[in-house]
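Please treat every number below as a calculation from the coordinates, not as lab data. Please read these numbers as outputs of a predicted model, since none were measured by experiment. Positions of Cβ are backbone-derived with ideal geometry, glycine not excepted, and every protein chain shown enters the neighbour counts.
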Amino acid sequence: MAKILVVDDDVAIEMTIRLLLERAGHSVVTADDGRKGLALCQSGDFDLLFLDIFMSGMDGFETMRMVRQQRPQMPIIVISGRPISSEADSAPDFLTMATKLGAVSSLQKPFRPAELLATATGRLEAAERGSLRPAGGVASSP
């Protein structure tokens, strides 16, 4: 199965994602901030990256930018607990913004286990086929 890196500063989310992916047969490595995640990404050969957008220190946008420079083919799934707004004058939709900046998919916290696994499977299959264009939208279907 795949080797997956999970970068999230929320220990409960990090452990949940790890447990779900390991039960699905994947090898999972975790980091609790962007700098540690970037260092692991540089030294490891990962098939997929789950990346929280809002973390202290180096946020997900900066981490994603640096990962893209070093490993442009690595599929990145961004995750965030910030609410998605449908109103034009309210807060920006950071998940959509992240997919426009290079993430292949996104998940809104809290997510359903089946949703996380389907997204991971879909992105891994797309990477194997060489189709890394963003799937767009939140909780994109594989």
message: Please state the shape class of the stretch 17-59: rounded when a/c is under 1.5, otherwise prolate if a/b exceeds b/c and oblate if not, all from the C-alpha gyration tensor.
response: oblate
query: What residues qualify as long-range amide H neighbours of L51, i.e. H under 5 Å apart, gap of 5 or more or another chain, H built at 1.01 Å from N?
result: V7, I77, V78, I79
Cross-link reach list, lysines versus K109, counting only Cα pairs under 20 Å and skipping chain neighbours closer than eight places: K100
- line: The long-range amide H neighbours of V28, using H built 1.01 Å from N in the peptide plane and a cut-off of under 5 Å, are I4
- prompt: Rounded to the nearest 0.05, what FRET efficiency do S27 and R71 have when you use their Cβ-Cβ distance and R0 = 22 Å?
  reply: 0.80
message: Among I17, T30, L49, which residue has its Cα furthest toward the positive end of the charge dipole of the stretch 1-76, with +1 on Lys/Arg Cβ and -1 on Asp/Glu Cβ?
response: L49
statement: Diffing the stretch 66-81: the Karplus 3J(HN,Hα) column from phi (6.51, -1.76, 1.60, θ = phi - 60°), in whole Hz with x for Gly and Pro, holds 6, 4, 4, 5, 8, 9, x, 8, 6, x, 10, 10, 8, 10, 7, x
